[in-house]
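The structure appears right after this line, and notes come after that.
The numbers here are math on the coordinates, done by the rules we state, and not lab data. The structure presented is a predicted model; accordingly, all values stated were derived computationally and were not measured. Backbone-built Cβ (ideal geometry, glycine too); neighbour counts: all protein chains shown.
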Amino acid sequence: MSENTAPVAEAQAERRLNMIEAINEALDIMLERDPDVIIMGEDVGYFGGVFRATAGLQAKHGKTRVFDTPISECGIIGVAVGMGAYGLRPVPEIQFADYIYPGLDQLISEAARLRYRSAGDYIAPLTVRSPFGGGIFGGQTHSQSPEALFTHVSGLKTVIPSTPYDAKGLLIAAIEDNDPVIFFEPKRIYNGPFSGYYDKPVEPWKKHDASIVPEGYYRIPLGKARTVREGEAMTILAYGTMVHVAESVAREKGVDAEILDLRTLVPLDIAAIEASVEKTGRCMIVHEATRTSGFGAELSALVTERCFYHLEAPVERVTGFDTPYPHSLEWAYFPGPVRIGEAIDKLLSE
């Protein structure tokens, strides 16, 4: 299938799904539509994935389309690169983003370079799905947010949904894309936004209110940000879980903030960012990953370079701390209402 397929919706019936259900539905649809789509990874077949995102897919589509792999992230991604080069569209799952590092050589040296190295004769249309971020008390080996590593690599695309609706549409678009895509799924909102918006721990497996997701096929083009709410006082740039946190804080403080959900970090909707910052004159960036060399630093540089004469205050960043990921203190580690609220006050006072 062409990566330029126009956004369409084949059915408009609306249901409430959580993000896990929306991802499962997107995979099911793509397995039905395209015989070249293959799902592979640790426990994705018979068990249906550690978070149940692939539940039922092997039983429905067979063991040659949805299958388990050995515990070897390098092998999983290496095999997926070869599959993509020979015409398949593999969707490998890395069980947690923290486990992806053994596969970096295959992603960076092979997948990201294949189209360029072969002058377009070969492509690597693989979509690497992986839960990322904190929220389940997973500690240092199940909670990392390594998105900035992948945005640095030319040839890779990085996608992070914040709602079930976006998760389904973006995942379909990623699978249809002819370049390798890293699809990070914020597990903290797998089952819907938590009450109180993340200022205290809650049972992670409890099912919460979900988003309305149309039935059938639809796609959301990569590289298009979503305006969560319009405003005049400042622009807040966020993605994944932090979209919900930022929106909650702005609403509770009564701040007329414009919030952009970036959706994709690469490609980045810089036009939407520029338009918003030029209108508001102030910019805050919120992400869960550590601060130093995080993607917020790139966003801050881009905003400063492109919107300097419109800025009425320096760009603010609210991020995770530059520490190994804490276990018992993870809710203090997250950018939460207190830190975001203080940053809003500072930005408006300057």
Q: Mind giving me the nanometre distance, one decimal, between the label points for Asp105 and Arg291, set 7 Å out from Cα along Cα→Cβ?
A: 3.5
Q. Once both axes come from the Cα atoms, what is the angle between helix 337-349 and the longest principal axis of the chain, in degrees from 0 to 90, rounded to 10?
A. 50
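Hey, got a sec? Which GluC sites (Glu not before Pro) in the stretch 230-313 land in a DSSP loop and have at most 14 other Cβ atoms within 10 Å? Don't skip to the end; give the middle numbers.
Values: sites: Glu230, Glu232, Glu247, Glu252, Glu258, Glu274, Glu278, Glu288, Glu298, Glu305, Glu312; in loops: Glu230, Glu232, Glu312.
Counting only loop positions with at most 14 other Cβ atoms within 10 Å, the GluC sites (Glu not before Pro) in the stretch 230-313 are Glu230, Glu232, Glu312.
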Q. Relative contact order for the stretch 76-177: what is it in percent, counting Cα pairs under 8 Å that are at least 6 residues apart?
A. 30
(Q) Using only Cα atoms and rounding to the nearest 10 degrees, what angle (0 to 90) does helix 73-85 make with the longest principal axis of the chain? (A) 70
(Q) A 22 angstrom limit on the alpha carbon distance is what I want to check against. Which of Lys63/Lys187; Lys224/Lys279; Lys60/Lys187; Lys168/Lys224 exceed it? (A) Lys63/Lys187; Lys60/Lys187
(Q) For the chain, what does the helix formula give at 222 nm: sum of -39500 (n - 2.57) over DSSP H segments with n ≥ 4, over the residue count, nearest 500 deg cm²/dmol? (A) -9000 deg cm²/dmol
**Q.** Fraction of beta bridges assigned by DSSP in the chain that are antiparallel (%, nearest 5)
**A.** 25
Q: Can you list which of the chymotrypsin sites (Phe, Trp or Tyr not before Pro) found in the stretch 76-133 are DSSP loop residues with at most 10 other C-beta atoms within 10 Å?
A: Tyr86
Q.
Using only Cα atoms and rounding to the nearest 10 degrees, what angle (0 to 90) does helix 270-280 make with the longest principal axis of the chain?
A. 20
